[in-house]
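This report refers to the structure that appears directly beneath it.
The values are calculated or read from the model by the stated rules, or taken from the named source; none is laboratory data. Since we're looking at a predicted model, the values are computed, not measured. Note that we place each Cβ from the backbone using ideal geometry, even for glycine, and neighbour counts take in every protein chain shown.
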Amino acid sequence: MESVSRIQVLTPAVVNKIAAGEVIERPASVIKELLENSLDALCNRIDVEVEDGGAELIRIVDDGEGILPEDLPLAVTSHATSKLRQADDLFCVQTMGFRGEALASIAEVSQFRLRSRARGESIGAELAVNCGQRSEIVPCGMAQGTQIEIRQLFCNTPVRRKFLKKAGTEFGYISEQFSRVALAVPRLQMSLTHNGKNVYRLPAGQQLLERLTLFYGSSVTDKLIPIETQHHNVRLWGYVGHPSLHKGTRKSQYLFLNGRYIQDRSLLHALNEAYRGLVMVGRHPVAFLFIEMPGDQVDVNVHPTKSEVRFRDGSLLFRMLLSTLRTKFLQSDLQSTLSIKPAGNPAAPTLQNKQERVERDLVSWAKQQLEHQVAQRVTTPPDAPSPMPAASSQPMEKSEAGSDGLGADAFLAAMENSGSNEPTTVPFAEQEPVASTASDMQSPSMPVPQPGEQRSGIPALQVDDCYIVLSTDQGLTVIDQHALHERVLYERFRNKILEERVEVQKLLVPLTLELSDEQIALLLDQQEMLQQMGFQVEEFGRGMLAVASHPVFLGHQVIEDVIRGFADKLGSSETVTRRDLLDETLHMMACKAAVKAGQKLTPDEIVSLLAQRDIVDDAHHCPHGRPTALVLSREELDRQFGRLGA
Ligand code: ADP
Ligand code: MG
């Protein structure tokens, strides 16, 4: 008979390895922990050097207060910290957090070397730890501060090591951690080097805006709006993007608490609430927000990687952020600073005018909405925000929206999808997509309709430069010109890619894009897929990507949007399969290349668009899941007009 299992206490090595799994996921997590330690050591300068995305080497050197030689072993002992003297300190933290696990965990899974010379000491001391095995402490000559070197991260946890991504991708994550600290503490002198190449060299004593310009370029910082507010001892300040500055993911929304980067869903929610109606559905505003508050009002140790915190009064912050932004938007003339993108087609000035008008209308409409809400809100403050503040999650009731009776979301979705400023309501009792019946209405290259197909004799009527209306055997058919064209193009692109016969336009002068290091790394990782779609991309100096070729069917002006959109998708946290990625990118390309709502079509163009309906694969619904056409059947017409007595 088997004996009963005995309970054993885990050895420190095992405990550390488990902790390492929680805290240290990849080289970037090491960088994060080490940067935080350097900040806690009150340094003025940090130099980071990595090789092969951090898998080979991570070296970080600071000029902080250092560690006394006799404390070196404690630095790599778990649950040992200099940042907490008594239990009460747990609730009053000025440092980056004090779980006391980081160095012990890292030293357990790497070849680790710690050298430090404490303030007031004349010489430094060095401690090496090889996968948890400590060597003797030896003296060494060095400047004041701490130097940590990590080689062969995860050398004794092969599965972890195997799952590291390509060096460029890992470096992208590292670069992101680095920039979070660089933005949190702009006064700090910092540098980042990858494989011997200097990537960032940030001078000491910068202002936040200078640093933001360094990282994002003036195309972003020119569109930032400063905000500032204070309530008792809680201060909230920073910059938020003009609504015309929006991104495909939430990654450009930064929150900092007492000088360090944090994540907080509730505050991000407040941010996005504030922009509701100003930024298109599915797009995300840009923000760099700083919160300063006494350490006893927040618990920073609730999460193993200390990235999430718990505020004592989260709803206060939520309200502060929301009302500050709302007030700011009401005060600023968003319109005057709105930059109008040039229309894609220079031969269609009316289209550009239309787009301008649409954007203007959108802004004034949204402002109206905001005024209305703020007026309401004065009497009804929102409830506590966690996790989704009930009172503010639906600030725009359907009945409050524009006079056309559409809800705000529907309105914005219509704006986004069509570019029209007047979403035409189609009050059909039944809205039936006619995708599967497209063959009924083929009019292959004929300017005059065939008898029995379009009974009225008028080929088709374009309504509001947006919809094409025609009479068919089924009744009255209304086609969304953009939706149909988008779908046609999508099918075309897809077939070409599948058959590997994408026509490629080589560029004599490559198009250059300014992107973040992380985005560049992600894109270079997917060079092959991009090639398949007809894009040839190469690294082009720091922070720049060169596009040397693009698929012929895409106009020059939208290439940048497509590449950026692709990078956003790669960088978003949702893990997508290769197929989904390709598919989503195809949708995006089709959407960008398709005729827009608001574009006047010639009779020939209408005929040719209708003629292309047969290449649309029935099994595949319209790219965005919207119907491309609606049918009002004869029966429905009869019923509506009271002919059937129904
Ligand atoms: P924690 O930061 O949670 O205390 P760590 O494992 O990250 O735990 O670090 C352990 C201890 O080592 C710290 O409390 C600090 O005293 C010391 N230490 C780590 N890095 C540095 C550094 N760069 N400068 C000075 N002291 C450091
Ligand atoms: Mg630490």
query: So which pairs qualify, if the first residue must be in region 121-146 and without any contact (Cβ under 8 Å) to a residue 12 or more places away in the chain, the second must be of a type outside the set (S, T, N, Q) and crowded, with 17+ Cβ neighbours inside 10 Å, the Cβ gap must be under 6 Å, and the two must be at least 6 apart or on different chains?
result: Ser135/Ala128
task: Quick one: in region 3-54, of everything that is free of Cβ contacts under 8 Å to residues at least 60 places away in the same chain and within 10 Å of ligand 1 (Cβ to nearest atom), which residue is nearest to Glu170 (Cα to Cα)?
output: Asp40
- request: May I ask you to verify whether Asp89 is assigned to a helix (DSSP H, G or I) and at pLDDT below 80?
  value: yes
query: Any residue in region 166-178 that is of a type in the set (A, V, I, L, M) and part of a helix (DSSP H, G or I)?
result: yes
task: Would you check which residues across region 145-176 are surrounded by fewer than 18 Cβ atoms within 10 Å (Cβ to Cβ) and of a type in the set (S, T, N, Q) and list them?
output: Gln152, Asn156
- prompt: Within region 194-308, which helices (runs of 4 or more DSSP H) (wholly inside it) include 3 or more residues that are more than 30 Å from Ile106 (Cβ to Cβ), touching a Pro at 6+ places or on another chain (Cβ under 9 Å) and free of Cβ contacts under 8 Å to residues at least 12 places away in the same chain?
  reply: none
- line: Checked region 97-117 for anything part of a loop (DSSP other than H, G, I, E, B) and more than 8 Å from ligand 1 (Cβ to nearest atom); matches are Val109, Ser110
- line: Every listed condition ((1) surrounded by fewer than 22 Cβ atoms within 10 Å (Cβ to Cβ); (2) within 16 Å of ligand 2 (Cβ to nearest atom); (3) part of a loop (DSSP other than H, G, I, E, B)) holds for Ile67 save (1)
- request: Would you please name the residue that is surrounded by the most Cβ atoms within 10 Å (Cβ to Cβ), looking only at residues in region 178-234 that are among the aromatic types (Phe, Trp, Tyr) and out of contact with any Ser or Thr (no Cβ under 7 Å at 6 or more places or on another chain)?
  value: Phe178
- line: Matching residues in region 31-56 (at negative phi and away from ligand 2 (no atom under 11 Å from the Cβ)) number 12
- line: In region 473-501, anything more than 17 Å from Cys591 (Cα to Cα) and either surrounded by 20 or more Cβ atoms within 10 Å (Cβ to Cβ) or among the basic types (Lys, Arg) (or both) is listed as Thr477, Val478, Arg501
message: Cβ contacts < 6 Å: first residue at negative phi and within 8 Å of ligand 1 (Cβ to nearest atom), restricted to region 73-88; second residue part of a helix (DSSP H, G or I) and modelled with pLDDT under 75, any location; separation 6+ or different chain. Result?
response: Ser78/Asn16
- request: For residues that are crowded, with 19+ Cβ neighbours inside 10 Å and not aliphatic (A, V, I, L, M), tally how many sit in region 588-611.
  value: 5
- prompt: Residues in region 29-49: is at least one in contact with a Leu (Cβ under 6 Å, 6 or more places away or on another chain) and hydrophobic (A, V, I, L, M, F, W, C)?
  reply: yes
Options Gly97, Gly124; residue that is closer than 21 Å to Asn44 by Cα and modelled with pLDDT of 95 or more: Gly124
